[in-house]
Structure formats: C-alpha cells, structure tokens
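First comes the structure, then the notes that go with it.
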Amino acid sequence: PRLELLCERQWKARELVRDHFPAFRCPKKQFVLEQAGVATAEGLAQCYSTSDLIVFTRWNTAVLPEDVEFHSCEHEYVQGIFTYPMYNASETIHWHLNFANRDLFVAYGGSLYAQDEMQVLEHPILGSVREKIAAIGKERMSFIVSTINSGVDAEVMIERKIQENPDWERGFNTYTMENNTATPILIQGADRKLVVAVDRNLRQGREDGLYGNQFARASTGTIKKALTVFPDDVSCEQRQRTNLIAMEAPTGGYGKYNSRTILAILQTAVSGFQAAVIQTRKTNDSADCVIHTGHWGTGAYGGNRVLMATLQLIAAEIAGVRKLVFYTFDSAGTREYKKALDIKSTIVTSELMNIYIIANKLGQAGFNWGFSDGN
C-alpha cells in the first residue's frame, strides 16, 4: 500500500504544556488532575525532561493495490481494557489505538468518559496537542476572514502567508477524517500520568462502573478510590511514553454492510496501522511494530463487533504489523473476537489476495450494523 505523509511536527513537551495547557471543563476531571498533581502547567511539565518531544504526524488514506500482500502477524487477545505494558524499545515499539472522533480529542474536556476521553485524561498532554493546533487554526481563520474583508487579492495573500508559516499549511489540522477520506493522526511521546478504574466494583462504590456517562454521575469520593497516580518519570524507567494511532470509524450506518463500506473501513485501518509501522522503523529500524487495539467503532458508533475486529485483523497483516494485541473488554467481547479470528482465517487463504474479493466475501456474509450505546 502507498501512504502519503500530510504533515509532521515535533514539539518540546515542557514548552507545549506551558504554552497550551489543556482545558478540562468537567469538575470531576479537574478533581482527578488535582489529585494527580498535574492541574497546573508547571505540575504537568515536571512529568517530562527538557529534551522530551511530542511527535505529531497526519497521514492520507493508503492506496491499496488490487492484489494485496499479507505478512505474518501474531494475534493475541486480553480480556479487559487497555493496558500499557513495559517493553524493550530496542526490539519493539508499541502503539495504542485511539477511537477518535473526526475532530481529534474534540470532547476531551467535557463530562463523558469513553475510550477517547479516558486516554486524554490519563495522558493530559494530549489536551495540549489539541489546544495548540486549535489555536493555530483560529489564528489562520482570523487572518483569512480579515484578508477577504479587506478587499485585497485574498487568495494571493493567503498563499503567501502559508508559505511564510509552515503551521498554516492545509494538511496541518486536527481532522482524522476530511472530505470523507480517512486521515489518521499519530502522536508519539505522551506520558501516562494516571488511571481511573472504570469496572464495576461494589466494595468501592462503583455499582455501574465509571465508563462513559457514569463518570460524571459518580461522587468525587468514588472517583478518588478508583484513581491510581503514577510518580513523575522523566527518565522513562518506570513506564514508556505512549504512542497513539487516532482514526475514526464509520458512524450512522443501518441494515447490512455493503462491500464499499467494508473496503473503506479496511483502508482506514491499513492507513493507521501502516503509518505506525513507518514511524516504528523511523524510530528504530530494527524494531517490530506492536499495536494494541479493541472494539473500535462499536460503542457510540454502533459498528458490528465481529466485522470491525475482522477488518483490523486483516489490516494488521496487510500493513506489516508484527503483533496485534486485541482488548476484548469482557467474555462477550472475547467470543466476538474469536469468531472474527476464525472468519479472518477462512477468508485470508494465501499471501497474495484480491482486495475486492475479500470485501465482497465479507459483504456477502450479511453483517448488520448495531446501535449506539450512548457513550
């Protein structure tokens, strides 16, 4: 597959959080940050060394050839939610999927606590990434509006300004989907400062868990019992920095999936996964790419769990991912994952296969859209 890099930026982590501190509007999330000692820019900056960088890349949709090559990929599942294990960076580079909205981290500061919002609260610097790019976007839009209103040759002036300021180039924005085309965003180097347990736990007062809308309904006392704060780790000796793949799944479907939708989902997953493979090799040419994922696009977006898992399994083998770790959440999710693994093994029968035949076979399997879970 051919994959185009739309833009790349590197920022010093300490400067990023000091200049663009995240705006968590939800009082419960602000409480968590206070408990973790990162409710101020200076507190969050202390999680990083002076040399730590945040790397931001944005990619276009991969162009898949008619006949695609499949590579060996180890498949593993974990019954539970995401974990962020230690690893030897000389051998492997690990990535975690972000179940993104088409506008990256757009709702991170609100009261919802689903997968996307969880990752931003656990890695507060991700909010700074959003705030920095949003600030540049506002500046760019303000200039465009004032230039058009001034009556001068707006198009020439805008193009000149873009040439003078690389941050104004059109490919540099927060969209993981633009003009109905997937544009996955990868972020490297985020420190995971905390975790809030979201499982049901009667002894700690989490009768309904804390996932999704339950977080805002819980008391601060219940949230505090669920909170684990990690010590500052500027040396990365206790935990590696997190690398994320942010990509949006399709939403709003109903009835049966058609082969065109299936092919578009597969292209999106291949694009995000292959970008991670490319960045892994750029970081360490001898390291293998390991991706941690789960039931992407099947909660609020109402996607079919078995089909979405199947497409990720297939995408990993097309993209050249060395290992795909799938978090199934619960026993029902594990059953769906195992069914997807069986379907993948039935469909992918050789190292070189026609991509349209794969999409048509899955389309003929009669997968139905589900319903949003409200989270």
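Amide H of Ala62 versus every other amide H placed in the peptide plane: which residues, excluding those fewer than 5 positions away on the same chain, fall under 5 Å? When sequence neighbours closer than 5 places are left aside, the close amide H contacts are Ser271. The range 141-207 and the range 278-302 have Cα centres lying 20 Å from one another. What percentage of the solvent-accessible surface of the range 280-375, computed with a 1.4 Å probe over protein heavy atoms, is contributed by carbon and sulfur atoms? Answer for the range 280-375 is 49 percent, counting heavy atoms of protein chains only. For the range 306-375 and the range 18-64, what is the centre-to-centre distance using only Cα atoms, to the nearest Å? What the calculation gives is 32 Å, centre to centre.
Among the chymotrypsin sites (Phe, Trp or Tyr not before Pro) in the range 213-288, those located in a DSSP loop and surrounded by at most 16 other Cβ atoms within 10 Å of their own Cβ are Tyr254. Here is the P(r) of the chain: all C-alpha pair distances, binned every 20 Å from 0, give 28, 57, 15, 0 in whole percents. Relative to the current alpha-carbon distance between Glu139 and Ser350, full extension at 0.36 nm per residue lengthens the span by 70.8 nm.
Rounded to the nearest Hz, the phi-derived 3J(HN,Hα) couplings of the range 195-203 under the Karplus curve 6.51 cos²θ - 1.76 cosθ + 1.60 (θ = phi - 60°) are 8, 10, 5, 10, 6, 6, 8, 5, 5, where x marks glycine and proline.
Starting from the Cα gyration tensor of the range 206-272, take the square roots of the eigenvalues, sort them a ≥ b ≥ c, and report rounded, prolate or oblate (rounded when a/c is under 1.5, otherwise prolate if a/b is larger than b/c, else oblate). Oblate, since a/c reaches 1.5 and b/c is not below a/b. Say a paramagnetic label sat at a point 7 Å from the Cα of Lys282, along Cα to Cβ; which residues of the range 94-114 have their backbone N under 18 Å from it? Answer for this model: 94-98. Applying the Karplus relation 6.51 cos²θ - 1.76 cosθ + 1.60 with θ = phi - 60° to the range 93-98 yields 3J(HN,Hα) values of 10, 9, 10, 10, 6, 10 Hz, where x marks Gly and Pro.
Under 5 Å between amide hydrogens, built in the peptide plane, is the criterion, and for Tyr77 it picks out Phe326 among residues at least 5 positions away or on other chains. Kindly identify the range 193-304 as rounded, prolate or oblate by the Cα gyration tensor criterion: order the square roots of the eigenvalues as a ≥ b ≥ c, call it rounded if a/c is under 1.5, otherwise compare a/b with b/c, prolate if a/b is larger, else oblate. Since a/c reaches 1.5 but b/c is at least a/b, the shape of the range 193-304 is classed as oblate. Of all beta bridges that DSSP places with both ends in the chain, some 60 percent have antiparallel geometry.
Please report, ordered by residue number, every helix of the chain (full DSSP H runs) that is 18 Å or longer along its axis going by C-alpha atoms and whose mean Kyte-Doolittle hydropathy reaches 1.0. Counting only whole DSSP H runs, the qualifying helices are 305-319. Computed packing ranks the peptides 304-313, 29-38 as 304-313, 29-38, most packed first, by mean other Cβ atoms within 10 Å. Using a cut-off of 24 Å between Cα atoms, the listed pairs Lys29/Lys138; Lys256/Lys338; Lys338/Lys361; Lys12/Lys193; Lys282/Lys344; Lys193/Lys225 include Lys29/Lys138; Lys282/Lys344 as exceeding that distance.
For the range 106-165, what does the convex hull of the Cα positions come to per residue, in cubic angstrom?
Each residue corresponds to 93 Å³ of Cα convex hull volume.
Residues whose amide H comes within less than 5 Å of that of Tyr113, counting only those at least five positions distant or on another chain, are Gly212, Asn213, Phe215 (H built at 1.01 Å from N in the peptide plane).
Just to check, using Stokes-Einstein with a Kirkwood Rh over alpha carbon pairs, what's the diffusion coefficient of the range 49-125 at 25 °C and 0.890 mPa s in µm²/s? Show your work: numbers first, answer last.
On the way: Rh = 16.4 Å.
Taking Rh from Cα pairs, D becomes 150 µm²/s.
Relative to the current alpha-carbon distance between Ser259 and Asn213, full extension at 0.36 nm per residue lengthens the span by 13.2 nm. Measuring nothing but protein heavy atoms, the accessible surface of the range 160-246 at 1.4 Å probe radius is 42 percent carbon and sulfur. Highest mean packing comes first when the peptides 359-366, 44-51, 114-121 are listed by Cβ atoms within 10 Å, giving 114-121, 44-51, 359-366.
Would you mind working out the accessible area per residue for the chain, using a 1.4 Å probe, and quoting it in Å²?
That works out to 44 Å² per residue.
Pairwise inverse Cα distances across the range 39-176, averaged and inverted, put the Kirkwood hydrodynamic radius at 19.1 Å. For the peptides 67-78, 286-297, residues were scored by their other Cβ atoms within 10 Å and the scores averaged per peptide; the highest-first order is 286-297, 67-78.
With all pairs of separate Cα atoms included, the range 308-375 yields a Kirkwood hydrodynamic radius of 13.4 Å.
The values are calculated or read from the model by the stated rules, or taken from the named source; none is laboratory data. Predicted model only: the values in this text are computed from it and were never measured. Cβ coordinates were reconstructed from backbone atoms using ideal geometry, including for glycine residues, and neighbour counts include every protein chain displayed. Calculation scope for accessible area: heavy atoms of the full protein, side chains included, ligands and nucleic acids excluded. Shrake-Rupley method; radii C 1.70, N 1.55, O 1.52, S 1.80 Å.
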